[in-house]
Amino acid sequence: QGQLVESGGGLVQAGDSLRLSCAASGRTFNGNSLGWFRQAPGKEREFVAIVSSLGSTYYSNSVKGRFSISRDDIKNTLYLQMRSLKPEDTAVYYCATSPKVVAGPADFDFWGQGTQVTVSS
């Protein structure tokens, strides 16, 4: 089964950048779509970005142009580069995998434990 472990979260100021990582152990990313999701206090978990196994990327409108998702299948690591952070980006960020080659937000079935990102104004 393996696990996904997120890292790189923290407390930053508005306008700062941060890069999240998601390392897989005991499982491979090959052939899987990978995604980042987030959940703010009192809100439902929402889709942030997806990278398919073919390398195509998809972003929510709220992060498009500011965030960049990438994957390294040799290192079995997923990244989320976040720029121009806003207080509304504050949330717990989760990485996830889907067995689908090209997955939509509802297709993810294996999750990490999350990493907290807090953006102060």
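The values are calculated or read from the model by the stated rules, or taken from the named source; none is laboratory data. Everything quoted here is computed from the prediction, not taken from an experiment. With ideal geometry, Cβ positions are generated from the backbone for all residues, glycine too; neighbour counts draw on all protein chains shown. Note: accessible area is taken over every heavy atom of the protein model, side chains too, but ligands, DNA and RNA are not part of it. Shrake-Rupley method; radii C 1.70, N 1.55, O 1.52, S 1.80 Å.
Structure data summary
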| quantity | calculated |
| --- | --- |
| Which numbered condition S52 fails, given (1) without any contact (Cβ under 8 Å) to a residue 60 or more places away in the chain; (2) touching a Gly at 6+ places or on another chain (Cβ under 7 Å) | (2) |
| Answer from S84, S68 - the residue that is open to solvent by 60 Å² or more (accessible area, probe 1.4 Å), among the hydroxyl-bearing types (S, T, Y) and under 18 Å from G9 (Cβ atoms) | S84 |
| Any chance A40 is without any contact (Cβ under 8 Å) to a residue 60 or more places away in the chain and within 11 Å of the chain's Cα centre (by Cα) | no |
| Failed item in (1) touching a Ser or Thr at 6+ places or on another chain (Cβ under 9 Å); (2) farther than 18 Å from G2 by Cβ; (3) without any contact (Cβ under 8 Å) to a residue 60 or more places away in the chain, with R45 passing the rest | (1) |
| Qualifying residue in segment 56-63 (condition: more than 22 Å from F110 (Cβ to Cβ), among the hydroxyl-bearing types (S, T, Y), without any contact (Cβ under 8 Å) to a residue 60 or more places away in the chain and out of contact with any Gly (no Cβ under 7 Å at 6 or more places or on another chain)) | yes |
| Failed item, numbered, when A40 is tested on (1) within 17 Å of Y79 (Cβ to Cβ); (2) at pLDDT 95 or above; (3) open to solvent by less than 50 Å² (accessible area, probe 1.4 Å) | (1) |
| Tabulated pairs, segment 110-121, first farther than 14 Å from L80 by Cα, second open to solvent by less than 40 Å² (accessible area, probe 1.4 Å) and not in a strand (DSSP E or B), C-beta under 7 angstrom, 6+ apart or interchain | T118/T90; V119/L85; V119/D89; V119/T90 |
| Of the criteria (1) more than 16 Å from V5 (Cα to Cα); (2) touching a strand residue (DSSP E or B) at 6+ places or on another chain (Cβ under 9 Å); (3) not hydroxyl-bearing (S, T, Y), which one F37 fails | (1) |
| Residue in segment 98-119 that is open to solvent by less than 50 Å² (accessible area, probe 1.4 Å), part of a loop (DSSP other than H, G, I, E, B) and more than 24 Å from Q3 (Cβ to Cβ) present | no |
| Search result, residues across segment 77-97 that are part of a strand (DSSP E or B) and among the hydrophobic types (A, V, I, L, M, F, W, C) | L78, L80, M82, A91, V92, C95, A96 |
| Criterion (at pLDDT 95 or above and either closer than 11 Å to L34 by Cβ or touching a helix residue (DSSP H, G or I) at 6+ places or on another chain (Cβ under 8 Å) (or both)) met by exactly one of T90, T77, T118 | T77 |
